[in-house]
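Since the structure comes first, as structure tokens, the remarks are kept for the end.
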């Protein structure tokens, strides 16, 4: 017999608007901080504090398996508490310890944006 969770979060979404204009402010886009995360909290479990949500977003994540592998390589040995890929498959969201954020962001930057030699991609 399965026990119902104390709390169930399904497809949690949090988008922050990107606006343009001062007098007539209008939304021109959105930063998708969380998009499609789901989790259960069972009786006796607690949510950990000092956790952070990191999201890798890109068009190629849905079409290029090598890019997804680069994300996982960049995360490396950092413990991941939760992992989600949105229905659009254009982003991968994971929850890690807040103290690991600089390390992971540095690794992601190096994996995707650092240059190798004169003008080449890493």
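The values are calculated or read from the model by the stated rules, or taken from the named source; none is laboratory data. Treat the numbers as computed from the prediction; the structure is a model and nothing was measured. In this analysis, Cβ positions are derived from the backbone assuming ideal geometry, glycine residues included, and neighbour counts consider all displayed protein chains.
Can residue 69 be described as outside any helix (DSSP H, G or I) and either modelled with pLDDT of 75 or more or at negative phi (or both)?
Judged against the criteria, residue 69 is not a match.
Collect the residues in segment 12-44 that are within 17 Å of residue 90 (Cβ to Cβ) and part of a loop (DSSP other than H, G, I, E, B), keeping them in residue-number order. Passing the criteria: none in range. When segment 72-84 is filtered for residues that are buried (at least 18 other Cβ atoms within 10 Å of the Cβ) and at pLDDT below 85, only 84 remains. Can you spot a residue in segment 48-69 that is loosely packed, with under 10 Cβ neighbours inside 10 Å and under 28 Å from residue 99 (Cβ atoms)? Taking every residue of segment 48-69 in turn, at least one turns out to be loosely packed, with under 10 Cβ neighbours inside 10 Å and under 28 Å from residue 99 (Cβ atoms).
Of all the residues in segment 9-23, those that are within 12 Å of residue 38 (Cα to Cα) and either touching a helix residue (DSSP H, G or I) at 6+ places or on another chain (Cβ under 7 Å) or surrounded by 11 or more Cβ atoms within 10 Å (Cβ to Cβ) (or both) number 4. The residue list 9, 95 contains one member that is part of a strand (DSSP E or B), over 14 Å from the mean Cα position of the chain (by Cα) and modelled with pLDDT of 85 or more, which is 9. Restricting 83, 61, 47 to those that are free of Cβ contacts under 8 Å to residues at least 60 places away in the same chain, in a loop (DSSP other than H, G, I, E, B) and touching a strand residue (DSSP E or B) at 6+ places or on another chain (Cβ under 8 Å) reduces the list to 47. Every condition in (1) under 17 Å from the mean Cα position of the chain (by Cα); (2) at pLDDT 85 or above; (3) over 22 Å from residue 90 (Cα atoms) is met by residue 51 except one, and the failing one is (2).
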